[in-house]
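Data first, discussion second: the structure below is written as structure tokens.
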């Protein structure tokens, strides 16, 4: 959602007006606007429904700030560009992101174009806290992109909550009891969060590694779709008196009805990689029965080359990326490029049958371990099965060479 900078001058003027109202609370402006009226500034959560696009799987949570007296109505949203390259940098945990202020008309128009539903819930901040929040969000916007976006730790919801907590005056945000799905281990939580997009789940599971079995902090497990339920159970608690009030008590209003088609795509990871396995079996049959060795060799180079590419990406994600900060990934077993090493680094006169058989046995054991390891699933193991078929074929081929 690309934002324009033409609104910055208007927002700067608003900062000046807001600062004036906070420093001169007992006075009215030259236009006789009551800056101490409770509806001078209102703050709401604006929740966007999930979409099928891989970068919109989790929905979107933003803060809407309104000042009817000055006819100001902005959505402060934490974003990066929603295109393929920025999605990959987001997966890598290195996409620059920042708060942007979008006029409500523009925000609704963009949501309507995407077919996204928007729901709004008013937040029970005091007037001074609402003014301070707007000031801090303006400062965040002017600060630019100094943070890296990722799906779990620095996203639209976590940053909005951080800004909300920083504007509290003499009180604190106290969470209610943790409930499903935040009680799940991180991997199972990710699967739940990705349940509307199998491809998003596939990408996340490829790189999550040993973070699957960990428990992230509570705030990292709040999604746009669960944000309001969580906030209804949370409270603003006064530091001096202990008096509490709910963060959100508003039943909510539908700002825009959704029109997005939520039908699952037929080409799911399971379908695609089952097709890959079928192609692998067909190539192997053509090689064994019709002697199509050149086709089989070209296919091996393509399959094992793709395996190497994924392995290198996994190395980056594991040891460089800021997304999961894990140091082990079970899918290293499937994607470590042993086949290419055996094909190119072993001399022609050396016996390779045993090496190929050992590698095949490892892949078979890895597939059998699927029910025992949460991070493993069918789409990935269909890829492993394709590698296994070609590895076993290589073992038989090398064995026949050694007998000649």
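A short reminder: the numbers here are calculations on the coordinates, not readings from a lab. The structure displayed is predicted, hence computed values, not measured ones. Every residue, glycine among them, receives a Cβ derived from its backbone with ideal geometry; neighbour counts consider all protein chains shown.
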Two decimals is fine: what's Rg over Rh for the stretch 273-404, C-alpha atoms, Kirkwood radius as Rh?
0.99
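Could you give the length gained by full extension between residue 105 and residue 344, i.e. 0.36 nm per residue of separation minus their alpha carbon distance, to one decimal place?
Numbers: separation 239, 0.36 × 239 = 86.04 nm, distance 5.99 nm.
Length gained between residue 105 and residue 344: 80.0 nm.
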One finds, for residue 266 and residue 243 with R0 = 41 angstrom and r their Cβ-Cβ distance, a FRET efficiency to the nearest 0.05 of 0.15
Calculated FRET efficiency, residue 310 and residue 142, Cβ-Cβ r, R0 41 Å, to nearest 0.05?
0.50
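Would you mind ranking 249, 360, 240 by Cβ crowding within 10 Å, fewest neighbours first?
Working: 249 12, 360 19, 240 7.
Listed from fewest to most nearby Cβ atoms, that is 240, 249, 360.
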In Å, what Rg and Dmax follow from the Cα atoms of the stretch 269-314?
12.1, 37
Simple label model, 7 Å out from Cα along Cβ direction - residue 327 to residue 71, nm:
6.0 nm
Peptide ranges 133-143, 53-63 listed from the most packed, as the mean C-beta count within 10 angstrom indicates
53-63, 133-143
